[in-house]
Every structure is written in C-alpha cells, then in structure tokens.
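The values are calculated or read from the model by the stated rules, or taken from the named source; none is laboratory data. Treat the numbers as computed from the prediction; the structure is a model and nothing was measured. Neighbour counts run over all protein chains shown; Cβ positions are idealised from the backbone, glycine included.
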C-alpha cells in the first residue's frame, strides 16, 4: 500500500529532473528500483525458453505451481499470481479469463521478469553475505502497518493480494537484503562531480522552469471506520491543530503523530505546482508561509503547513544543486543496476515453465 506522501500528486510524472526538483521523496526512489527490477532483462535472454515440464496447475490458480527456475531455485506460480492480482486490483479486479490475450501475456511477462530479476539479485546478495535482522523486518512491517487504520484492514488488504503476514515477512526479508546489497555494491560507489551538475543544468534549462510553487508539510491522521469513530478522529486532528497554532513545533509533532512516511522528515512533502497538487491541498496556495489548515482526503485527516513559496521562474543552480546531484547519482545507479541484472542473467541459468513468450527486454 502506497502512503499518502507518494500519492500527493494527482498526475503521474515521468522520471525527470523537473519532477524530482519539484518533489523529492524516498518512496519515489523505491518505485524507480521496483520498475528497474521489473523491466531490466538480459541482452542474452533470447536463449531462455519455456520448458515442456510444466507442473500441474491447481484448479483455482491462474498459473502452474512452478513458473520458473533461477539457478535451480523455483519461482512459485502463486507469487506470480499475487503480482498479477495486484495489477488487476487497480482496475477493478476483472476476471482473468475476460482479459485480452495480449494483456494477459503482458501481465505474465512483466510479473515473471520482476520475480526472476528480484530472485537473481537476492541470490547475489545472499552469496555476498548480506543478512537482514528480525528487527529490521519488523520495523518495516510497522511502517507498512502505519498506513492502515487497523490490523484487520491491513490483513484484508494483504488477503486481497494473495498475501498474509508470514508471506509479507518473507518478502520483506528478501527486499531488504536486495536493498542492502544494491546500496553497498552500487549506490555508495556512485559519485557525481560539480561539473556534471553544472553541465546538466545549463543543457536542460526548460527542466528548471516552474510556475508558482508551494512547499507544504503535513501530519496525516487516520480517519475513523464509521461515523462515530470519524468524529473522534477529526476531534484529535483539531486538538493537534490547536497545539500547532499555539506555537508547538510542527516537525516534532509530525514525527510523533503522523502515519505517513514523510513523518521522518517532519512531514515535509517538498514543492508542488498548483496544477499537480490534489484539490484538497490547493488551499495551501492561498495561505501565507507559516499558515496551517485542516483538510480531509481518502487517506484521512491532514494538518497542512505552508513552509515556503516560489514565484514562477527559473530555479537557480544553487537552489537545485542537491536535488540535481541526487538525481544524477540515481541515474548512474540505475544504469549500473540494469547492467548488473543483465550480467546475472547472462551468467545464470533461467528456466521458464510457462508458455508466455520471452521476458521483457529493456
């Protein structure tokens, strides 16, 4: 489940410097990693063919019990189905049999490629001695749980995607191990020189043009599940708003009370333009810097504070140096990650057990 901080913008934005300058967010970076793992494939993947030895398919399942083997390790059909179901949930959970054949193939290939590449990265991480502690896994689960109003809601969400707490813990362990490995093998070794930043800035002036912008921080409090609970939730939000209006530190209260991932940054959501911010936050443009207000969205109650404003114009190099440097680092890291996945696929043994064509090429 994506938290509100990631979903603040109502329009999907391409991965450009302009979007990153406007709004830099850790979950956005995680999303890039997921997309890369999904899309990157070996240049030599043409040799990976479907095997005739396909395990028996369960009557209630979309896929065979085992859909692929990576260096001898099996990928379960239920894991591929879980990814597919997540995609279908976003469009109303249509029946698999009712989908166009080309769309079924697209979903199958995309999910299968993600699972293959993820497993190869995990195998590499494990081979290098990367481990994840139980505490790290539980902390990750706590962060996910904070985005739900109750354990029951979280369990229902997981069940709708063919998951439960045990499977979630297993999945998180592997994802955290891969993140650690990529951080050590790639991210920490990537460097960007000031000259590179200046060169990109001067070569892409249009990416640093912006209309009027506002920078907001927020504190997200869950709404109630029924009318009575929601009234109590709103009262809690109003009491917290009153404390802020009396002078208590907003960032400190955000870290203590907000259920959004932005809490770690004192609730900061960065800069947004009026045409890209959701309607419920548009009031921020009419507030002065330092102004606060309370609003409600599908995610709950938000106490919003305006922390800065920028008039339409060109962002100066010194204003965007940090974000641009981070963007160029990510750009380099992404290229290295794709190369690493391609190398692992070239050197590894991938056996595909579903007749759905070849994995996606980059």
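Between 176, 220, 167, which is within 29 Å of residue 87 (Cβ to Cβ) and assigned to a strand (DSSP E or B)?
220
Exactly one condition in (1) surrounded by 15 or more Cβ atoms within 10 Å (Cβ to Cβ); (2) within 19 Å of the chain's Cα centre (by Cα); (3) farther than 30 Å from residue 288 by Cα; (4) at pLDDT below 95 is not met by residue 162; state its number.
For residue 162, the exception is condition (2).
Scan region 317-335 for residues that are more than 19 Å from the chain's Cα centre (by Cα) and without any contact (Cβ under 8 Å) to a residue 40 or more places away in the chain and report the count.
So the count comes out to 3.
Would you call residue 167 within 30 Å of residue 123 (Cβ to Cβ), outside the structural domain of residue 277 (by TED's automatic domain parsing) and surrounded by fewer than 17 Cβ atoms within 10 Å (Cβ to Cβ)?
Working: within 30 Å of residue 123 (Cβ to Cβ): yes; outside the structural domain of residue 277 (by TED's automatic domain parsing): yes; surrounded by fewer than 17 Cβ atoms within 10 Å (Cβ to Cβ): yes.
Yes.
Filter region 250-281 down to residues that are surrounded by fewer than 21 Cβ atoms within 10 Å (Cβ to Cβ) and closer than 16 Å to residue 298 by Cβ and give me whichever is nearest to the chain's Cα centre (by Cα).
Out of the qualifying residues, it is 259.
If a residue has to be touching a residue at least 60 places away in the same chain (Cβ under 8 Å) and touching a helix residue (DSSP H, G or I) at 6+ places or on another chain (Cβ under 8 Å) to count, how many in region 265-277 make the cut?
Of the residues in that region, 8 qualify.
Considering only residues that are under 17 Å from residue 295 (Cα atoms) and either at pLDDT below 95 or touching a strand residue (DSSP E or B) at 6+ places or on another chain (Cβ under 9 Å) (or both), which ones fall in region 238-252?
238, 240, 241, 244, 245, 250
Please go through region 297-313 and pick out each residue that is modelled with pLDDT of 90 or more and touching a strand residue (DSSP E or B) at 6+ places or on another chain (Cβ under 7 Å). Spell out how you get there, then give the answer.
The initial filter retains those residues of region 297-313 that are modelled with pLDDT of 90 or more, namely 297, 300-309.
Across region 297-313, the qualifying residues are 300, 301, 302, 303, 304, 305, 306, 307, 308, 309.
Output the residues belonging to region 120-129 that are surrounded by fewer than 16 Cβ atoms within 10 Å (Cβ to Cβ) and in contact with a strand residue (DSSP E or B) (Cβ under 8 Å, 6 or more places away or on another chain).
none
Among the residues of region 196-211, is any under 27 Å from the mean Cα position of the chain (by Cα), in contact (Cβ under 8 Å) with a residue 24 or more places away in the chain and closer than 25 Å to residue 264 by Cα?
No - not one qualifying residue is present in region 196-211.
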